[in-house]
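The values are calculated or read from the model by the stated rules, or taken from the named source; none is laboratory data. Computed from a prediction, not measured in an experiment: that's the story for all the values here. Here Cβ is always computed from backbone atoms with ideal geometry, including for glycine, and neighbour counts include all displayed protein chains.
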Amino acid sequence: MLHTTTTATPTSGEGPSSPPSCHPFRFSQARSLIADLQRPKQSIYWIDFLVSIVLGHTSLHLIFIAPYVYGFQPWVIGVMGVCYVITVILYMRALMFIHELVHLPAKGFTMFRVAWNALCGIFFLVPSFLYYPHVDHHRRKHYGTEHDGEYLRLAGHGPWLIALYIGQALLLPLVAVFRFLVVSPLCWLFPQLRPLVHRHMSTMVVDPFYERKDASPKVIRIVILQEVLCFVWLVWFLVRGHFMRDQWLDPFWLIAYAVGVGILVLNEVRTLGAHRWRNDGDEMSFADQLLDSVNFPDRPWVTELWGPIGTRYHALHHLFPRLPYHNLGKAHRRLSEGLPSESIYHQTNEVTLTSAIVKLWKQAQGTPPEAAS
């Protein structure tokens, strides 16, 4: 339980302790308000994911097929543009289930994890092992420090770092191809490379200097299995144009690259609004971690497009990491109504993603947080 005058540790693994804070917050009070929302419903996960990935695959292939059937007429180009936007949004939604995989119970969701990798993770060269270290982002002693691969002080290093962070989307698809088409076989042939590759080239990160911890033999077996699947898929992806259409330059490569860049840009813009990004690398109290995270509860018809699978409730997720995504909206409403008006939880809300990014940009330019707000 967190108090204004005492320090205590939340139970059930849902949050770390915090030193005394001038901001009143009682963890036990918040937990009691959402106690019945902790259980994930498998049917929701399966339906949501399958609909998203199947429709995403369909719209992707429409981009490719439409000009072959009807030619590059103006209306066809318009249809391709609409399909592109739909594809990026649907694939973004399907991909964000990788975040849920980390927090779901170990038992009961095995087939869902297999299906996600088979239909999405391998297809996009983001197998689930890349996201295992996400748990460090939720450890109080690691959050915002060098041990947290998902944090950079974007608010304190100039706007150039924000621009560079978005611009990397142009290179990341090529980096992923290199990682699984070249680096993976090298690790199989020369196992002594595995520790280096595992520490520096096997994690989805925000901080490029993050070093992943060495893995257990069990995790390495999973890594190798998923690497093999990604390698096989890549080989087929790169040669199928020659066999199926007798083309050395497969137009589908360009479409896939454009969609990949679109997804990455959308996710990176979303990430800019997930936190305040003000920590300078020191250990933070739980209250400060909560205040450094952001919720976007308004305009769900828009925010759900760029912040799907509960990612628009990022502060709430840091408060209760195991709360299933389909209950976050209900949990937020209960906390907003049930917590006292002076609770710091109410300070985690932003109206729009644009306003949050504008504030971040101003702070990166040197404007104090109070003035930027």
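General remarks:
- Of Leu181, Leu95, Leu164, all but one fail to be surrounded by fewer than 20 Cβ atoms within 10 Å (Cβ to Cβ), under 17 Å from Cys230 (Cβ atoms) and either out of contact with any Gly (no Cβ under 9 Å at 6 or more places or on another chain) or not assigned by TED's automatic domain parsing to the domain that holds Ile224 (or both); the exception is Leu181.
- The C-beta contact set for the range 180-192 (first residue within 15 Å of Ile220 (Cβ to Cβ), second residue of a type in the set (D, E, K, R), distance under 7 angstrom, 6+ apart or interchain) comprises Ser184/Glu227; Cys187/Arg194.
- Restricting the first member to the range 142-156 and to residues that are aliphatic (A, V, I, L, M), and the second to residues that are in a loop (DSSP other than H, G, I, E, B), the beta-carbon pairs closer than 6 Å and six or more apart or on different chains are Leu152/Val206; Leu152/Asp207; Leu154/Trp277; Ala155/Trp277; Ala155/Arg278.
- Pro297 fulfils the conditions (1) surrounded by 16 or more Cβ atoms within 10 Å (Cβ to Cβ); (2) in a helix (DSSP H, G or I); (3) free of Cβ contacts under 8 Å to residues at least 60 places away in the same chain except for a single criterion, (2).
- Any hit, the range 192-208, residues being among the small types (Gly, Ala, Ser), in contact with a helix residue (DSSP H, G or I) (Cβ under 6 Å, 6 or more places away or on another chain) and either at pLDDT 95 or above or not assigned by TED's automatic domain parsing to the domain that holds Ile63 (or both): no
- Filter pass, Arg278 being basic (Lys, Arg) and either closer than 20 Å to Tyr131 by Cα or outside any loop (DSSP other than H, G, I, E, B) (or both): no
- Scope the range 356-373; condition surrounded by fewer than 16 Cβ atoms within 10 Å (Cβ to Cβ) and at pLDDT below 95; matching residues: Gln365, Gly366, Thr367, Pro368, Pro369, Glu370, Ala371, Ser373
- Scanning the range 69-114 for residues that are farther than 21 Å from Thr311 by Cα and touching a residue at least 12 places away in the same chain (Cβ under 8 Å) returns Val79, Met80, Cys83, Tyr84, Gly108.
Residues are listed down the side, and each one gets a yes or a no for (1) crowded, with 18+ Cβ neighbours inside 10 Å; (2) assigned to a loop (DSSP other than H, G, I, E, B); (3) polar (S, T, N, Q):
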residue	(1), (2), (3)
Gln247	no, yes, yes
Gly260	yes, no, no
Ile263	yes, no, no
Glu283	no, yes, no
Thr303	yes, no, yes
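- The residue that is farthest from the chain's Cα centre (by Cα), among those in the range 340-355 that are surrounded by 13 or more Cβ atoms within 10 Å (Cβ to Cβ), more than 19 Å from Thr271 (Cα to Cα) and touching a residue at least 40 places away in the same chain (Cβ under 8 Å), is Ser343.
- Across the range 313-327, the qualifying residues are those that are buried (at least 19 other Cβ atoms within 10 Å of the Cβ) and in contact (Cβ under 8 Å) with a residue 40 or more places away in the chain, and the one among them that is nearest to the chain's Cα centre (by Cα) is His314.
- Boolean, Asp292 is among the charged types (D, E, K, R) and more than 18 Å from the chain's Cα centre (by Cα): no
- Residue check, Leu238 aliphatic (A, V, I, L, M), surrounded by 13 or more Cβ atoms within 10 Å (Cβ to Cβ) and touching a residue at least 60 places away in the same chain (Cβ under 8 Å): no
- Residue within the range 69-79 that is surrounded by 15 or more Cβ atoms within 10 Å (Cβ to Cβ), under 18 Å from Arg270 (Cβ atoms) and modelled with pLDDT of 95 or more present: no
- Some residue of the range 199-211 being under 23 Å from Tyr151 (Cβ atoms), assigned to a helix (DSSP H, G or I) and under 21 Å from the mean Cα position of the chain (by Cα): yes
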